[in-house]
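Read-outs throughout are calculated quantities, based only on the coordinates presented, and are distinct from any laboratory measurement. Predicted model, so just to flag it, every value in this text is computed and none were measured. Reconstructed Cβ throughout: ideal geometry from the backbone, glycine too, with neighbour counts over all protein chains shown.
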Amino acid sequence: MLDSEDMKILAIETSCDETAVSVVEAKGDTEHLQFEVLSHLISSQIALHTKWGGVVPSLAKREHARNLLPLLLESLYESGLVNPKQKKIRDNLTIQEAAEVRRILEREPELLDLFLQHIPAIKPPEVDIIVVTQGPGLEPALWVGINLAKALSFVWKIPVIPVNHMEGHILSVMATLDKKQPKINNIKFPVLSLLISGGHTELVLSKDWLNYQVIGQTRDDAVGEAFDKVARILGLPYPGGPEISRLADLASGHPPEKLPRPMLNSNDFDFSFSGLKTAVLYLVKKLSPLSQINRVEIAREFQQAVIDVLITKTGRAIQKYHPHTLVIGGGVVANKDLREKFGEVIKEHFPTVRLLVPDLSLSTDNATMIALAGYLRVQAAEGQVPTNDFAAHGTLPLS
Ligand code: KG4
Ligand code: ZN
């Protein structure tokens, strides 16, 4: 890959229930990457969605539209790209410019008002590219970030690079928030990635940078979704992953019944978690009213069943494809037991494979991983910044 110049990147992520903005400075190719995070902000909507037991897309869209611009301003101030005291440097938008901004943000009236109030009042920052999550995710939520990126691109004349959210999760393992050497600098291919989030469960094989082949995926629920649904069955709040993990820590390991390990012996790399969720439902009905001891033991047994399936399938994929590197990305990798078990199994059975998991702060949705994906896309375009014609950029072959 070509070297590209020092680049300042503004990244926006609104695919689900976290509004996230990062400003990152990057330089060099994948062998000598220097990557400094100047601002990494996340505004979580979890407290709001908890009341409804899961993410409500229309509420997610409304919250993104409310929070995104304040978060953007904070990020620009924090990174030093905009001086908060230096107001009214540029003129107001022309009538034509304002009309175009209104057109771009017509479906986000609250964001439009905030945009017209604040953006013309600040000096355009010295940003080289705006990177935004294009999908997959909740469509109404994604559009808020995409439309803000388009409006900023129009007013500041900065190109937009749309990127795939799952690619962000893969690359999240290669970034750090501190100034330590990023792990990206000595990645050996093939790379096998296990992606486990609220919306996805995939095994992805990469023979080179930005090359992705999905070799297996869930046929029904994603792992994170299963955690969230089982938590609800157990009477635990949303999001279920952290709650189940917390309860599982208290368990003795003697469940009232063993739970199934779905598709453990199938001859492919696909997964299925809805039967496991149904098994929990039947067990909870049978044991009703559920005692706290049983709740705790079922939480642990469910978590263990998920980990067993993920480890077995990933192990088989390692035996078949002989990757040098195993990446685990997506919100569920925040699970402590899962991290530990993968660490033990790789050390014992596949000692030549290098296991990479993201720092906890980069495990769940964030914009720093999106910034890194955008930077590598620009690098792959051989230093050329792609044009800002949004529709011209295809999505990755990741689902
Ligand atoms: O990647 P992410 O932040 O959002 C999506 O792209 O979906 O993943 C969110 C998912 C949720 O389902 C949540 O329950 C799960 O990650 N999660 C966990 C843990 N922390 C978050 N699952 C298991 N254990 C955890 N500690
Ligand atoms: Zn995610």
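Structure values in brief
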quantity	calculated
Kirkwood Rh, Cα atoms: Rg over Rh of the stretch 209-283	1.04
Per-residue ³J(HN,Hα) for the stretch 57-65, Karplus 6.51 cos²θ - 1.76 cosθ + 1.60, θ = phi - 60°, Hz, x for Gly and Pro	x, 5, 5, 4, 4, 4, 5, 4, 4
R0 of 45 Å, Cβ-Cβ distance Glu340-Arg107: FRET efficiency to nearest 0.05	0.50
Under 5 Å, built H, 5+ apart or other chain: amide partners of Ile161	Ile130, Val131, Val132
Phi to ³J(HN,Hα) by Karplus 6.51 cos²θ - 1.76 cosθ + 1.60 over the stretch 305-313, Hz, x for Gly, Pro	4, 4, 5, 4, 5, 5, 5, 4, 5
Dipole axis of the stretch 188-358 (+1 Lys, Arg; -1 Asp, Glu on Cβ), positive-most option in Leu281, Pro242, Phe302	Phe302
Net charge over other residues, Cβ less than 12 angstrom from the Cβ of Thr312 (K, R count +1; D, E count -1)	+3
Largest-first principal axis extents, alpha carbons of the chain, Å	69, 46, 33
Surrounding net charge for Pro323, when Lys and Arg each add one and Asp and Glu each subtract one, Cβ distance under 11 Å	+4
Calculated [θ] (222 nm, deg cm²/dmol) that DSSP helices of n ≥ 4 give over the chain, each run adding -39,500 (n - 2.57)	-13000 deg cm²/dmol
Inter-probe distance in nm under a simple model that places probes 7 Å from Cα toward Cβ, at Gln86 and Ala99	3.2 nm
Long pairs among Lys286/Lys341; Lys8/Lys188; Lys27/Lys347; Lys27/Lys341; Lys27/Lys85; Lys27/Lys207, criterion Cα-Cα beyond 25 Å	Lys286/Lys341; Lys8/Lys188; Lys27/Lys347; Lys27/Lys341; Lys27/Lys85
Residue-by-residue Karplus 3J(HN,Hα) for the stretch 152-160, coefficients 6.51, -1.76, 1.60, Hz, glycine and proline x	5, 4, 5, 6, 9, 6, 10, x, 9
Long-range HN-HN contacts of Arg354 with modeled amide H, under 5 Å	Thr325, Leu326
Most to least packed among 296-307, 255-266 [average Cβ atoms within 10 Å]	296-307, 255-266
Amide proton proximity set for Leu38, modelled H, under 5 Å, gap of 5+	Val23, Val24, Glu25
Alpha-carbon centroids, the stretch 208-270 and the stretch 316-388: separation in whole Å	19 Å
Packing rank of 313-321, 156-164, 140-148, where each peptide gets the mean count of other beta carbons within 10 Å, highest leading	140-148, 156-164, 313-321
Surface/4 of the Cα convex hull for the stretch 188-358, nm²	9.3 nm²
Whole-number percent relative contact order across the chain, with pairs defined as alpha carbons under 8 Å at least 6 apart	22 percent
